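Input: a single structure, listed below in C-alpha cells.
Nothing in this text is a laboratory measurement; each read-out follows from the coordinates by a stated rule. Every value quoted in this text rests on a predicted model; they were computed, and no experiment measured them. Positions of Cβ are backbone-derived with ideal geometry, glycine not excepted, and every protein chain shown enters the neighbour counts.
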Amino acid sequence: MSPTTLQPYFAPDTIEARSFAIIDAEVPAPRPFEGGEWEIVRRLIHTSADFDLLNHVVFHPRAVEAGMAALAAGCTVFTDTEMARAGIPVRRMEPLGCTVQCLLNRPDVVAAAKEQGTTRARAAMDAARGLLGGCILAIGNAPTALIRLMEHLESGGPAPALVVGMPVGFVNAAESKAILVEQAGVPFIAIRGRKGGSPLAAATVNALAEMVLRQK
C-alpha cells in the first residue's frame, strides 16, 4: 500500500470514535436497530468489520434493559472461554462492582469432562448451574455450553438475567442459537447462523457496560 493512500495519524483515543462514525455513515438512518440495540450492533461491526451481521443479530425485546440492569446491580459475568473473559476488561467491570469468571480450566471441570467424555464447556455449565441466577452468560465459542444451558433452563435451573448466545462454527452452532431464540422466557442477544465468536460475545458485554457507565 502506498503511504499516500493512508489516512493521517490519529491519536489512540480518537480511533474508536472515528471507526464508529464510519460505521454510522455506512449504515445511514433509518437503521434496522435503534438506541441501545444499535450501540451493540455497531460495536459488533467495529469488532469484526462485518456489516453482514446486520442480517443476523437478534434481540429479545427486554435484552438491553435486562443486561444493563444486571450490570448496574453488580452481577457476575460468566464466559465460556478465557478469550471472552480476557476481552471484558477490569476497567469496565470494576466501577460497576462486576466480576468476570470462566470455569473452563477449573480442576473439577476438567476432571468431570474427562470422566463424562464430554466437553469442558458443557461440564462448566454443570459447575455453574447454581450460580447462573441473575448473571450475564456470554457464550462465543461452544455450542455445547449453550445446549447444556438450555437443558438446565428446561429442567427449572436458575435463569441468567441475559444470555449472549454467539457460538461460532459448523456443528450445532446455528442449531443451538435457534433453540435460544425460539424461547421467550430468558432475555438474549444472539447471532443467527454460523457466525459468532468470543470477541463478539465480549464486545456485546462491553457495549452494555459502556451504556451503564455513561449513566453513572
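With a cut-off of 13 Å between beta carbons, the residues surrounding ALA161 carry a summed charge of 0, where Lys and Arg count +1 and Asp and Glu -1. Taking 7 Å steps out from each Cα toward its Cβ at GLU154 and ALA17 produces label points 4.9 nm apart. Computed extension gain for THR5 through ASP52, at 0.36 nm per residue and net of the alpha carbon distance, reaches 14.3 nm.
Between ARG31 and VAL171, what is the FRET efficiency for a Förster distance of 25 Å, r being their Cβ-Cβ separation, to the nearest 0.05? Efficiency, rounded to the nearest 0.05: 0.15.
By the rule of a C-alpha distance below 13 Å, with chain neighbours fewer than 8 residues away ignored, the aspartates and glutamates paired with LYS195 are ASP50, ASP52, GLU175. Summed over qualifying helices (DSSP H, 4 residues or more, each -39500 (n - 2.57)) and divided by its residue number, the chain shows a 222 nm mean residue ellipticity of -15000 deg cm²/dmol.
Between amide H atoms placed 1.01 Å from N, distances below 5 Å from THR81 occur with GLY140, all of them 5 or more places distant or on a separate chain. Per-residue Karplus couplings for segment 99-111, computed as 6.51 cos²θ - 1.76 cosθ + 1.60 with θ equal to phi - 60°, are listed in order as 10, 10, 10, 10, 8, 4, 9, 5, x, 5, 6, 4, 5 Hz, Gly and Pro entered as x.
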